[in-house]
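The values are calculated or read from the model by the stated rules, or taken from the named source; none is laboratory data. This structure is a prediction, so every number in the text was calculated from the model and none was measured. FYI the Cβ positions are ideal-geometry reconstructions off the backbone, even for glycines, and counts take in every protein chain you see.
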Amino acid sequence: MLDGSGREAFTELSFKNKNLIDFNRAKNEIALVDHTKNKVIYGLDSLLIIIGTSFPLLEKIARIKPLYWFFKKLYSFISYNRKQIIPSANGSSAAACIPDFNLKYRLAYIGFVVLFSSYVLSIFTSKSGLDINPNFTREFAICLGQIIWQTLFLKLYLKGKLWDYLGNMMTVSLIGTLLLIPGLFLNLNSISPIIYFGIVVVIMFLEHLRRCKILQLNLLPTISWMIFRMTVLGIIIWLNY
């Protein structure tokens, strides 16, 4: 693996490396500079070379064609959505390492979170103590409805930030889903799941606020997000009692 002296921050590139690196490509793919050959390797290939210095067998396995194709797609999936997964406040800088917008991979990320969250929520609801039957279709419709609601309600306000917001909103949903998973394996009493779910909702609410602040958005997206969630929860409880 590379030591500290072998790494440079994107915004702090040396003059020598700036002349070699394709700045636009490096925003989407990690650049590995070989000064002995004055050659730059990008993306998955650069990552595999770095891994191969310590784990050569893993590099060989990852270069098998079907696996290489899969890891190539996975790399792009993460790379094009990385600022929605882990946002940063310096995105307005001209030298910031912000990946290009790729609609295909953004939709893939949103679709992944919708399916994963719908599955976990459909199981968790049966353990919620509210006598709600598990229903994947219902949870899937709710997840899609949240996207449609926020898009229609906030489209004029968000303007050019719509896809960035939707990506961050889905990450909030993903965080909440991951936090719910331990609850699936705990032997909780009738009230504990409700308390547990409430704690997860508070964490999601605070994370949504934090990400909106990074995107330089006001409270409107969070208010709209909470209105939808509280309305849907109320309807589900009402229909089951």
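Elements of the type helices (runs of 4 or more DSSP H) sitting completely within the stretch 58-174 and holding at least 2 residues that are closer than 21 Å to Ala26 by Cα: these cover 65-85, 103-124. Taking the criterion of being surrounded by 14 or more Cβ atoms within 10 Å (Cβ to Cβ) and over 23 Å from Arg82 (Cβ atoms), the residues of the stretch 165-202 that qualify are Leu180, Gly183, Leu188, Ser192, Pro193, Tyr196, Phe197, Val200, Val201. Scanning the stretch 196-241 for residues that are closer than 17 Å to Cys143 by Cα and of a type in the set (Asp, Glu) yields no hits at all.
Residue-by-condition table, conditions (1) among the hydrophobic types (A, V, I, L, M, F, W, C); (2) touching a Pro at 6+ places or on another chain (Cβ under 8 Å); (3) under 21 Å from Thr222 (Cα atoms); (4) in the same structural domain as Asp45 (by TED's automatic domain parsing):
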| site | (1), (2), (3), (4) |
| --- | --- |
| Phe77 | yes, no, no, yes |
| Glu139 | no, no, yes, no |
| Cys143 | yes, no, yes, no |
| Leu158 | yes, yes, yes, no |
| Thr177 | no, no, yes, no |
| Gly183 | no, yes, no, no |
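Evaluation of Ile30 against the conditions (1) touching a helix residue (DSSP H, G or I) at 6+ places or on another chain (Cβ under 9 Å); (2) surrounded by 13 or more Cβ atoms within 10 Å (Cβ to Cβ); (3) within 28 Å of Ile142 (Cα to Cα) shows that the sole unmet condition is (3). For the stretch 204-221, the set of residues classified as of a type in the set (A, V, I, L, M), farther than 14 Å from Leu158 by Cα and surrounded by 14 or more Cβ atoms within 10 Å (Cβ to Cβ) consists of Met204, Leu209, listed by residue number.
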